[in-house]
1. Among the strands (runs of 3 or more DSSP E) confined wholly to region 1-92, which include 3 or more residues that are surrounded by 13 or more Cβ atoms within 10 Å (Cβ to Cβ) and at negative phi?
2. Quick check on this structure: which one of 9, 15 is more than 20 Å from residue 100 (Cα to Cα) and touching a residue at least 60 places away in the same chain (Cβ under 8 Å)?
3. Here are some conditions: (1) modelled with pLDDT of 95 or more; (2) in a helix (DSSP H, G or I). Residue 97 meets all but one. Which one does it not meet?
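The values are calculated or read from the model by the stated rules, or taken from the named source; none is laboratory data. These figures come from a predicted structure and were not determined experimentally. Quick reminder, even Gly has a Cβ in these numbers, built from the backbone with ideal geometry, and neighbours come from all protein chains shown.
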């Protein structure tokens, strides 16, 4: 997995803009949570879909960014959480034990086949 570290609120605007060219994924990870560790491992063990950027947010270190994500993309904060951003909007989000790369890939194939 080729993670891009999300450590600045200003990156959120770049993510939104870039999502018009290619899908963007944000993974909010809590380093103290065993469920988050499992979700992180699942993502890291999977092949990264082509033409999609994956952002990694250390939720404990950057809680302010997590709050900004919730506000900007109109999602309820959860941890761990995965968000798929397309055309400036969150079109898919999942949390806890329901985070799987295959589900992200299904959503990606749905938006690329339109």
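1. 24-29, 53-58, 81-86
2. 15
3. Every condition holds for residue 97 apart from (1).
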